[in-house]
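Novice: After the structure tokens below, expect a handful of questions from me.
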Amino acid sequence: QVQLVESGGGLVQPGGSLRLSCASSRSTSYFNTMGWYRQAPGKQRELVARIVSGGSTTYADSVKGRFTISRDNAKNTVYLQMNSLKFEDTAVYYCNAKGWATEYWGQGTQVTVSS
């Protein structure tokens, strides 16, 4: 069973930065797509960013220009660098990994943007 463990969440002021990490128990090169989703209270889970094995990335319109996703297959880790954070970025952030016929989720890490 693959485990994805997120870290790096916390409390930050508007305009601040955080970097989330997702460590995989299986080589990240196994997964076609790895991504970050988030879920705010009372809202559906939504895609934040994803990166495919070839390196192409996709971002939600709300985070374009502020967030950057990257993967380090040597460390089996995916990162989400979040800059210029806004109140509306407050949510639980989940790591996701998709293989050919498999999908895994992390347990989530809380990001709170507050003054």
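Novice: Taking the stretch 1-12, which residues are open to solvent by 80 Å² or more (accessible area, probe 1.4 Å) and closer than 14 Å to residue 91 by Cα? Full working, then the answer.
Specialist: Initially, the stretch 1-12 is screened for residues open to solvent by 80 Å² or more (accessible area, probe 1.4 Å), giving 1, 3, 11.
Within the stretch 1-12, just 11 meets the criteria.
Novice: What is the residue count in the stretch 82-94 for residues that are among the hydrophobic types (A, V, I, L, M, F, W, C), assigned to a strand (DSSP E or B) and under 16 Å from residue 43 (Cβ atoms)?
Specialist: Matching residues across the stretch 82-94 total 2.
Novice: If you take the residues in the stretch 1-23 that are among the hydroxyl-bearing types (Ser, Thr, Tyr) and in contact with a Ser or Thr (Cβ under 7 Å, 6 or more places away or on another chain), which one is farthest from residue 79 (Cα to Cα)?
Specialist: First, the residues of the stretch 1-23 that are among the hydroxyl-bearing types (Ser, Thr, Tyr): 7, 17, 21.
Narrowing the set further to residues that are in contact with a Ser or Thr (Cβ under 7 Å, 6 or more places away or on another chain) leaves 7, 21.
Numbers: 7: 10, 21: 5 Å.
Selected residue: 7.
Novice: Something else: Just for the stretch 15-39: of the residues that are of a type in the set (Gly, Ala, Ser) and closer than 25 Å to residue 114 by Cβ, which one is nearest to the chain's Cα centre (by Cα)?
Specialist: Start the filter on the stretch 15-39 by keeping residues that are of a type in the set (Gly, Ala, Ser), which leaves 15-17, 21, 23-25, 27, 29, 35.
In the following step, the residues that additionally are closer than 25 Å to residue 114 by Cβ were identified as 15-17, 21.
Values: 15: 19, 16: 17, 17: 14, 21: 7 Å.
Looking at residues that are of a type in the set (Gly, Ala, Ser) and closer than 25 Å to residue 114 by Cβ, I get 21.
Novice: Another question about this same structure. Please determine, by comparing only the residues of the stretch 26-51 that are among the polar types (S, T, N, Q) and either open to solvent by less than 30 Å² (accessible area, probe 1.4 Å) or at pLDDT 95 or above (or both), which one is farthest from residue 91 (Cα to Cα).
Specialist: First, pick out the residues of the stretch 26-51 that are among the polar types (S, T, N, Q): 27-29, 32-33, 39, 44.
This time we only want the ones that are either open to solvent by less than 30 Å² (accessible area, probe 1.4 Å) or at pLDDT 95 or above (or both), so: 28, 33, 39, 44.
Details: 28: 25, 33: 22, 39: 5, 44: 11 Å.
Filtering the stretch 26-51 for residues that are among the polar types (S, T, N, Q) and either open to solvent by less than 30 Å² (accessible area, probe 1.4 Å) or at pLDDT 95 or above (or both), the one farthest from residue 91 (Cα to Cα) comes out as 28.
Novice: Exactly one condition in (1) touching a strand residue (DSSP E or B) at 6+ places or on another chain (Cβ under 8 Å); (2) in contact (Cβ under 8 Å) with a residue 60 or more places away in the chain is not met by residue 53; state its number.
Specialist: Every condition holds for residue 53 apart from (2).
Rundown of residues vs (1) at pLDDT 95 or above; (2) among the β-branched types (Val, Ile, Thr); (3) closer than 16 Å to residue 11 by Cα; (4) surrounded by fewer than 18 Cβ atoms within 10 Å (Cβ to Cβ), yes/no style:
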residue	(1), (2), (3), (4)
54	no, no, no, yes
61	yes, no, no, yes
84	yes, no, yes, yes
106	yes, no, no, no
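The values are calculated or read from the model by the stated rules, or taken from the named source; none is laboratory data. Everything numeric here is computed off the predicted structure, so don't read it as measured data. Glycine gets a Cβ as well: all are built from the backbone with ideal geometry, and neighbour counts include every protein chain shown. To get the accessible areas, we keep the full protein, side chains included, count just its heavy atoms, and leave off ligands, DNA and RNA. Shrake-Rupley method; radii C 1.70, N 1.55, O 1.52, S 1.80 Å.
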